[in-house]
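Novice: This is the structure I want to talk about, given as structure tokens.
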Amino acid sequence: MKQHHHQGRVGERRPRSTRTAGLALFAALVLALSACASGTSSSNSGSSGSGDTIKVMTWAPLKSQLTNYPAITAAATTYGKYINAKGGINGKKLQVLTCDEGGTPNKASDCARKAIQEKVVAVISSFGYTGDATIPLLKSANIAMFGGCCSNAVADLTSSNSFIMGNGPAYGAALVQHAVDDGKKKIALVAIDGAQSYLVPAENALKANGLTPNKTVILPATAQDLSPQASQALADGTDAVVMFVNADSIKTFITAYKQIGSTARIYGPQGNLTEDVVSGFGNLSDGWVTGNSYADITSPAYADFRDALKKYNAPDMGYNGLDGLGAWAGYTAFADIVKGIDGAVTSKSFLDAASKASNVDTNGMTAPVDFTTEWSDGPKGYQRLFNRTATFGTFKDGKLSPETDKFVDYTNLMLGKPLS
């Protein structure tokens, strides 16, 4: 399916502001925040919606100094309108609260405390730079952090109340295999500072193919010129670059790449290696590949999402990324689990139901996800990485199209074993 974009249309990806990656940057706050959380926890019965309402919350950085993700909260509120127009969930209206995560632990903690105070059933499809400042607070109140796109903190992949639906570090292993299948032999790994944990699965995937990184380069989070790092990554015959980098840094890297005159193929994450990022570089991006957690917005799986964005006059911004796609998929999964709950829908009953959900099927938005079994034999710190599948997109003439609708499981590669 060819993806066509026109200026201002729903689904188009627009440029992002500069991001500081900050993965696990605030991990040291976990113990202190957990201690604080004990004074704000709700009763053991869990919070709930009131009467005929199911109350939930979604947060994202909206007015932070880092990259902001308004498509997350916009997709969430659009889903609320969409599902309520269909009669709600089991006849109950869905009330969607939103919060600005702010990109700081203090503001993020304020969102978590607000969720506890409002007695939400779950925090859904949220993204924050400071998950270690929020997930322990939610855990103390029996509230799930459910359906997010991305793992951005230690607690995201280790806490029992965290249910990430995106593939997190798995896309790196998938892209390495794609590069190998493309005949690439000298593969460089490039990560933004703070994303080093994403390198382990990619290194294991190289090992499974009898390779080691041709180069491993860490990019400064806010650099305006990446010429030295690009030169390092592209030296000694590098023919492919697998990136764990935000959109602005990818664009800065490509600028240096073009000046160097490299022909190495670029492989990057869905939502960051985008049409907007490659625009202005002509056909330079032909053949470049994205590793995807979610199907493309043009997929039949997202037909209701596309229709709802138009019907409910969603804000005009890009939704074809981890943010918009992930939010809709997370809410779809939440509603499906709630439909199976007998009795009162509370945060505790939802947490229990999510923990027993062995086949969370979003009809092709992601591969089916099993939340019942942690990844006990994976690399340390990845036990809550339930979705280890990926699919791909490819660029041609500056346009990104889904390469396939098929999701492949890359668990073996992440362990350093052959794919098949």
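The values are calculated or read from the model by the stated rules, or taken from the named source; none is laboratory data. Treat the numbers as computed from the prediction; the structure is a model and nothing was measured. Every residue, glycine among them, receives a Cβ derived from its backbone with ideal geometry; neighbour counts consider all protein chains shown.
Novice: I need a count of the residues in the stretch 297-333 that are part of a loop (DSSP other than H, G, I, E, B) and within 23 Å of residue 59 (Cα to Cα).
Specialist: Counting residues in the stretch 297-333 that are part of a loop (DSSP other than H, G, I, E, B) and within 23 Å of residue 59 (Cα to Cα) gives 11.
Novice: Continuing with this model, one more query. Name the single residue, out of those in the stretch 192-213 being of a type in the set (Gly, Ala, Ser) and out of contact with any helix residue (DSSP H, G or I) (no Cβ under 6 Å at 6 or more places or on another chain), that is surrounded by the most Cβ atoms within 10 Å (Cβ to Cβ).
Specialist: 195
Novice: Checking residue 216 against (1) out of contact with any helix residue (DSSP H, G or I) (no Cβ under 8 Å at 6 or more places or on another chain); (2) of a type outside the set (D, E, K, R); (3) modelled with pLDDT of 95 or more: exactly one of these is not met. Which one?
Specialist: (1)
Novice: For the stretch 126-153, which positions are under 18 Å from residue 346 (Cα atoms) and assigned to a loop (DSSP other than H, G, I, E, B)?
Specialist: Scanning the stretch 126-153 gives 141, 142, 143, 147.
Novice: Considering each of 406, 380 in turn, give the residue that is among the basic types (Lys, Arg), surrounded by fewer than 17 Cβ atoms within 10 Å (Cβ to Cβ), outside the structural domain of residue 278 (by TED's automatic domain parsing) and modelled with pLDDT under 95.
Specialist: Selected residue: 380, the only one of 406, 380 that is among the basic types (Lys, Arg), surrounded by fewer than 17 Cβ atoms within 10 Å (Cβ to Cβ), outside the structural domain of residue 278 (by TED's automatic domain parsing) and modelled with pLDDT under 95.
Novice: Assuming residue 374 fulfils every condition listed in (1) part of a helix (DSSP H, G or I); (2) in contact with a Lys or Arg (Cβ under 8 Å, 6 or more places away or on another chain) apart from one, which condition is it?
Specialist: Result: residue 374 passes all but (1).
Novice: Ok, one more. At pLDDT below 95 and among the aliphatic types (A, V, I, L, M) - does that describe any residue in the stretch 299-316?
Specialist: no
Novice: Show the residue pairs that are 6+ apart or on different chains and have beta-carbon atoms under 6 Å apart, the first residue being within the stretch 59-83 and within 15 Å of residue 149 (Cα to Cα) and part of a helix (DSSP H, G or I), the second being modelled with pLDDT of 95 or more and of a type in the set (Phe, Trp, Tyr).
Specialist: The qualifying pairs are 75/328.
Novice: Here's another thing I want to ask about it. Any idea which of 175, 189 is part of a helix (DSSP H, G or I), of a type outside the set (Phe, Trp, Tyr) and crowded, with 24+ Cβ neighbours inside 10 Å?
Specialist: 175
Novice: So which residues in the stretch 216-231 are buried (at least 18 other Cβ atoms within 10 Å of the Cβ) and not aliphatic (A, V, I, L, M)?
Specialist: 229
Novice: Out of the residues in the stretch 362-399 that are more than 24 Å from residue 181 (Cβ to Cβ) and among the basic types (Lys, Arg), which is farthest from the chain's Cα centre (by Cα)?
Specialist: 380
Novice: Name every residue in the stretch 181-206 that is more than 20 Å from residue 389 (Cβ to Cβ), over 21 Å from the mean Cα position of the chain (by Cα) and not aliphatic (A, V, I, L, M), in order of residue number.
Specialist: 183, 184, 185, 186
Novice: Here are some residues: 268, 291, 326. Which one is touching a residue at least 12 places away in the same chain (Cβ under 8 Å), in contact with a Cys (Cβ under 6 Å, 6 or more places away or on another chain) and crowded, with 23+ Cβ neighbours inside 10 Å?
Specialist: The match here is 326.
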